[in-house]
There are 2 protein chains.
Amino acid sequence: MSGEDGFKNVAIIGLGLLGASLAMSLKNKKIRRLGWTRRAEVRQKLLTDGVIDETADDPETLLSKAELTVICLPVQEIIRFCSEHVHAWKKGAVVSDVGSVKGIIDSALTGLFAPRGVDFIGAHPMAGTEKSGPEAAFPELYENAPVFICPDKSSSPDNLLKLRRFWEQLNTVVMELPASDHDMLVARTSHVPHVVSLALTLSVLDCPTEEETNRRYYGCAGGFRDTSRITSSSPQMWRQIIEQNKGAVLEALKSFQHYLDRTKNMIENDEYDKIENEFATGRRERDLWLAKRYPKKG
Amino acid sequence: MSGEDGFKNVAIIGLGLLGASLAMSLKNKKIRRLGWTRRAEVRQKLLTDGVIDETADDPETLLSKAELTVICLPVQEIIRFCSEHVHAWKKGAVVSDVGSVKGIIDSALTGLFAPRGVDFIGAHPMAGTEKSGPEAAFPELYENAPVFICPDKSSSPDNLLKLRRFWEQLNTVVMELPASDHDMLVARTSHVPHVVSLALTLSVLDCPTEEETNRRYYGCAGGFRDTSRITSSSPQMWRQIIEQNKGAVLEALKSFQHYLDRTKNMIENDEYDKIENEFATGRRERDLWLAKRYPKKG
């Protein structure tokens, strides 16, 4: 589904790494890209550079023309922007986003869009780099990225299909699932790894004496470097993510604890055959995942 | 201290990655390298290639000539080799090793060497790659590697100094500490990260249904890839390491659990300022470690 039978006018709100890359990737797809971001000089530059086809000082000028709006802002700002501008969309418009936690957005916006005939369908493309801002944007950012789309009971099947096709034309892998399942999924696959990596880093480096600190510095090698890498992420961002997904993070932590306790009990009971088997299972499952998720890298 | 005032004849037992690399790095250091490994054809090839200066069918021929012997075998085989050949060393000889767990070796060999006037001083150079065997060996393997030396009360200060200088001539960073401190250190910095990485991998990928497996496959990205990487290590090797260092691993797991529980409690109590602070501390401490341990990589 190209621009002909899909969305012809797409508003992109927020032109940082995610928004500007989305605009770049939509070039030459028969889609008019209506771009808005807070800073006027950025809007003008991206218009001049051909990253967007149209901009305006007031975002509502663009929202009123768009069949699809993709809000590329942090989670709290998505909620704020939609609440502030909800009256600007025309009836029949579809509003979506790129927020990394979905339940809190759904809860905040429930009852806001539906009475106005606007269809809000949350989405989360898992793409990004360690950089941010429009200067870090590039058109291939979404290539092969998973995109989770989280419809609710009120979502129109036709709009859902059009949103799916919209993302699929960028060579993404689209999966539909309820917002609560999505949040549990990312709690397991991303949020708990960050919490675990943090605890591991502190248990190794939070150290009483200088002599022992020096020993630990040298006792850490490649294994620690990799397991602790994501501890170097933004503290502000992770504070927000954990707050926004509290319930699912605590639930996923329980699951991690179950497996940790199981291995700990094996060690306490000298069940070394079982431990070897546990490591072999972990290696096999990780290798299967790696082969499917990163087929080119092997 | 070069060959002149240090060890002149050094026996290297086991010529895999660690042993053959050690032999290569000792070339042109006025040290006669007496090399032995189980397979005769490997001994002959390494002699022909100039990796060792002398070999023999019977390792005891070499042990009787060596002022220093470095046993480059897995932990259980170090114990077996020393027990079998203890009578072969001459009085005054120094025996060391490269085993990654030290307490179990000390316990097994206590009372074996001392009555014969042989000084056993355990060591653990933290060097290696994911490969093994003499074909993977290279002379720079030990460059900048930490080497932990674990003397006990009976170790001669003179021999200890000579062993320290022996490793330092290879541009390693030598640290002395008791065997029990060493084992607790590596439990924290290496063994517990492996156990935690395993539990994390299983909690994400050990999955009830095919549909959910597919979602989790796509829900995992770079953060999971790095934190789970060491789960792909050898199950046999890690079974042995955990068995050999059981007490310290359980103790270090307690410390990890302390930090994990602390963060979990903050989440349960909505203490998000504290969580942000915890992440900031983790990042700061990891960045300090990284700058000291890998100064060139930044």
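Here is the figure for region B:160-189: residues that are free of Cβ contacts under 8 Å to residues at least 24 places away in the same chain and of a type in the set (S, T, Y) total 1. Surrounded by fewer than 17 Cβ atoms within 10 Å (Cβ to Cβ) and more than 17 Å from the chain's Cα centre (by Cα), is that true of A:E168? No.
Conditions tested, residue by residue: (1) surrounded by 24 or more Cβ atoms within 10 Å (Cβ to Cβ); (2) over 22 Å from B:M126 (Cα atoms).
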site	(1), (2)
A:L198	yes, yes
A:L202	yes, no
A:D206	no, no
A:E212	no, no
A:R216	no, no
A:R225	no, no
A:S233	no, yes
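Every residue, every condition in (1) under 21 Å from the mean Cα position of the chain (by Cα); (2) more than 26 Å from A:M184 (Cβ to Cβ); (3) more than 14 Å from chain B (Cβ to nearest Cβ); (4) in contact (Cβ under 8 Å) with a residue 24 or more places away in the chain, yes or no:
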| site | (1), (2), (3), (4) |
| --- | --- |
| A:A66 | no, yes, yes, yes |
| A:E84 | no, yes, yes, no |
| A:A88 | no, yes, yes, yes |
| A:T129 | yes, no, no, yes |
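Can we say B:D287 is surrounded by fewer than 18 Cβ atoms within 10 Å (Cβ to Cβ), free of Cβ contacts under 8 Å to residues at least 12 places away in the same chain and within 7 Å of chain A (Cβ to nearest Cβ)? So B:D287 passes the test.
Would you mind stating whether A:K264 is more than 7 Å from chain B (Cβ to nearest Cβ), in a helix (DSSP H, G or I), farther than 18 Å from B:D270 by Cα and without any contact (Cβ under 8 Å) to a residue 40 or more places away in the chain? Here the answer is no, as A:K264 does not meet what is asked.
In this structure, does A:Y272 turn out to be surrounded by fewer than 18 Cβ atoms within 10 Å (Cβ to Cβ) and among the aromatic types (F, W, Y)? In short, yes.
Here B:F138 passes the criteria (1) within 7 Å of chain A (Cβ to nearest Cβ); (2) aromatic (F, W, Y); (3) surrounded by fewer than 23 Cβ atoms within 10 Å (Cβ to Cβ) except the one numbered (1). Which of the residues that make up region B:112-127 are surrounded by 19 or more Cβ atoms within 10 Å (Cβ to Cβ) and either away from every other protein chain (no Cβ under 14 Å) or among the small types (G, A, S) (or both)? Within region B:112-127, B:F113, B:V118, B:D119, B:F120, B:I121, B:G122, B:A123, B:A127 meet the criteria. Filtered by the rule that a residue be at the interface with chain B (Cβ under 7 Å from one of its Cβ atoms) and either touching a Leu at 6+ places or on another chain (Cβ under 6 Å) or closer than 15 Å to B:V186 by Cα (or both), region A:208-226 gives A:R215, A:R216, A:Y217, A:Y218, A:G219, A:C220, A:A221, A:G223, A:F224. Exactly one residue among A:L200, A:L205 is within 16 Å of B:L253 (Cα to Cα), in contact with a Pro (Cβ under 8 Å, 6 or more places away or on another chain) and at the interface with another protein chain (Cβ under 7 Å from one of its Cβ atoms), and that residue is A:L200. Every condition in (1) within 7 Å of chain A (Cβ to nearest Cβ); (2) out of contact with any strand residue (DSSP E or B) (no Cβ under 7 Å at 6 or more places or on another chain); (3) not in a helix (DSSP H, G or I) is met by B:N171 except one, and the failing one is (1).
There is no residue in region B:243-252 that is within 26 Å of A:S234 (Cβ to Cβ) and at the interface with another protein chain (Cβ under 7 Å from one of its Cβ atoms).
FYI, it's all coordinate maths here, none of it is from the lab. Owing to the predicted nature of the structure, the values given are computational and were not obtained by experimental measurement. No Cβ is skipped: glycine too gets one built from the backbone with ideal geometry, and neighbour counts run over all protein chains shown.
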